[in-house]
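To keep things clear, I will list the structure first and then write my remarks on it.
The values are calculated or read from the model by the stated rules, or taken from the named source; none is laboratory data. Since the structure is predicted, the reported quantities are computational estimates derived from the model, not experimental observations. Don't worry about glycine lacking a Cβ; one is built from the backbone with ideal geometry, like all the others, and counts go over all protein chains shown. Just the protein is used for accessible areas: all its heavy atoms, side chains included, with ligands, DNA and RNA removed. Shrake-Rupley method; radii C 1.70, N 1.55, O 1.52, S 1.80 Å.
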Amino acid sequence: MANPFVRARYLLSAHTPKQLPPEGGAEVAFAGRSNAGKSSALNALCQQNALARVSKTPGRTQQLVFFDMTPPDLADHPRFLVDLPGYGYAKVPQDLQAHWQAFIERYFQTRESLKGLVVVMDIRHPLKDYDRQMIGYAVERGLPAHGLLTKADKLGRGQQMQQLNAVKRELFSAFGDTVSVQTFSAESKQGVDEARAVVAGWMGL
């Protein structure tokens, strides 16, 4: 099957709700703490090296970044991947953090085009407060969420399965069966097809 993500192109960056593209399509948001490997995951899904900037300074995404991957026959119903600001190591002033908090909360509560959330987590350090908060936004809205345990190539198979099962248990106890999770490596391409299938399914591709 041809990869529909290959056609993804940068569209715009939104710093305020007014700058968001018009409603009417389907989009999937990607969240992850700084250093979790979100840019690398997006690049791997789209089979592109530099779609999302892989920064030496983690936490550089300072807007909601929209990538357009609309098929020609769906021009009236655009399909977007949305890169959310990553936090953790980002040295961001408090007032900007408050702005982002309010913007992202509103985005999750009101954005009709939003069909699901992918949360990118380093398999060695999963389910930090930020990750839980983002999953909570999706679950409150009744949206599906999917966890990518990235950098899986850093662990042996046995350790990967241990971490995966531990995360599954914790997610189930916190959120029930509304959140799925898998191992992933942008480096070795482990789990890339699986993740792509989840996101494409949400988008109706």
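Filter segment 1-42 for residues that are among the acidic types (Asp, Glu) and touching an Asp or Glu at 6+ places or on another chain (Cβ under 7 Å) and give the result. Steps first, answer last, please.
Step one: filter segment 1-42 for residues among the acidic types (Asp, Glu), giving 23, 27.
Within segment 1-42, 23 is the sole residue that qualifies.
Against the conditions (1) surrounded by fewer than 18 Cβ atoms within 10 Å (Cβ to Cβ); (2) part of a loop (DSSP other than H, G, I, E, B), where does residue 109 fall short? Just the number, please.
Just one mismatch for residue 109, condition (2).
Output the qualifying pairs, or none if there are none: Cβ atoms under 6 angstrom, residues six or more apart or on different chains, first residue in segment 180-205 and farther than 21 Å from residue 26 by Cα, second residue of a type in the set (S, T, N, Q) and in a helix (DSSP H, G or I).
From residues that are farther than 21 Å from residue 26 by Cα, the pairs are 183/160; 186/40.
Applying the selection to segment 163-179, what residues are open to solvent by less than 70 Å² (accessible area, probe 1.4 Å) and either in contact (Cβ under 8 Å) with a residue 60 or more places away in the chain or polar (S, T, N, Q) (or both)? Can you show your working first?
So the first thing to find is which residues in segment 163-179 are open to solvent by less than 70 Å² (accessible area, probe 1.4 Å), and the list is 163-167, 171, 174-176, 178-179.
Answer for segment 163-179, where residues must be open to solvent by less than 70 Å² (accessible area, probe 1.4 Å) and either in contact (Cβ under 8 Å) with a residue 60 or more places away in the chain or polar (S, T, N, Q) (or both): 163, 165, 178.
Listed residues 117, 84; which is crowded, with 21+ Cβ neighbours inside 10 Å, at negative phi, of a type outside the set (S, T, N, Q) and touching a residue at least 60 places away in the same chain (Cβ under 8 Å)? Can you show your working first?
Numbers: 84 fails: touching a residue at least 60 places away in the same chain (Cβ under 8 Å).
Of 117, 84, the one residue that is crowded, with 21+ Cβ neighbours inside 10 Å, at negative phi, of a type outside the set (S, T, N, Q) and touching a residue at least 60 places away in the same chain (Cβ under 8 Å) is 117.
Among the residues of segment 39-60, are any farther than 29 Å from residue 153 by Cα and modelled with pLDDT under 90? Give the derivation first.
In the first step, residues of segment 39-60 are kept if they are farther than 29 Å from residue 153 by Cα; the result is none.
The answer is no; no qualifying residue exists.
Which of the residues that make up segment 141-162 are assigned to a strand (DSSP E or B) and either farther than 15 Å from residue 30 by Cβ or in contact (Cβ under 8 Å) with a residue 60 or more places away in the chain (or both)?
148, 150 - these are the residues of segment 141-162 that are assigned to a strand (DSSP E or B) and either farther than 15 Å from residue 30 by Cβ or in contact (Cβ under 8 Å) with a residue 60 or more places away in the chain (or both).
Part of a strand (DSSP E or B), among the aliphatic types (A, V, I, L, M) and within 26 Å of residue 25 (Cβ to Cβ) - does that describe any residue in segment 172-179? Full working, then the answer.
Kept after step one, since they are part of a strand (DSSP E or B), are these residues of segment 172-179: 179.
Next cut, among the aliphatic types (A, V, I, L, M) only: 179.
Narrowing further to those that are within 26 Å of residue 25 (Cβ to Cβ): 179.
Yes: segment 172-179 contains one or more residues that are part of a strand (DSSP E or B), among the aliphatic types (A, V, I, L, M) and within 26 Å of residue 25 (Cβ to Cβ).
Cβ contacts < 9 Å: first residue closer than 20 Å to residue 76 by Cα, restricted to segment 6-26; second residue in a loop (DSSP other than H, G, I, E, B) and β-branched (Val, Ile, Thr), any location; separation 6+ or different chain. Result?
7/70; 25/70
Which members of segment 180-200 meet the condition of being open to solvent by less than 70 Å² (accessible area, probe 1.4 Å) and not small (Gly, Ala, Ser)? Outline the logic, then answer.
Restricting attention to segment 180-200, the residues satisfying the condition of being open to solvent by less than 70 Å² (accessible area, probe 1.4 Å) are 180-186, 188, 190-192, 195-200.
Correct list: 181, 182, 183, 184, 190, 192, 196, 198, 199.
Going by the conditions given, is residue 123 closer than 28 Å to residue 23 by Cα, at pLDDT 95 or above, open to solvent by less than 50 Å² (accessible area, probe 1.4 Å) and β-branched (Val, Ile, Thr)? Give the derivation first.
Values: closer than 28 Å to residue 23 by Cα: no; at pLDDT 95 or above: yes; open to solvent by less than 50 Å² (accessible area, probe 1.4 Å): yes; β-branched (Val, Ile, Thr): yes.
Judged against the criteria, residue 123 is not a match.
Would you confirm, using the coordinates I've provided, whether residue 120 is in a strand (DSSP E or B) and touching a helix residue (DSSP H, G or I) at 6+ places or on another chain (Cβ under 6 Å)? Let's see the steps before the verdict.
Numbers: in a strand (DSSP E or B): yes; touching a helix residue (DSSP H, G or I) at 6+ places or on another chain (Cβ under 6 Å): yes.
Spelling it out, residue 120 is indeed in a strand (DSSP E or B) and touching a helix residue (DSSP H, G or I) at 6+ places or on another chain (Cβ under 6 Å).
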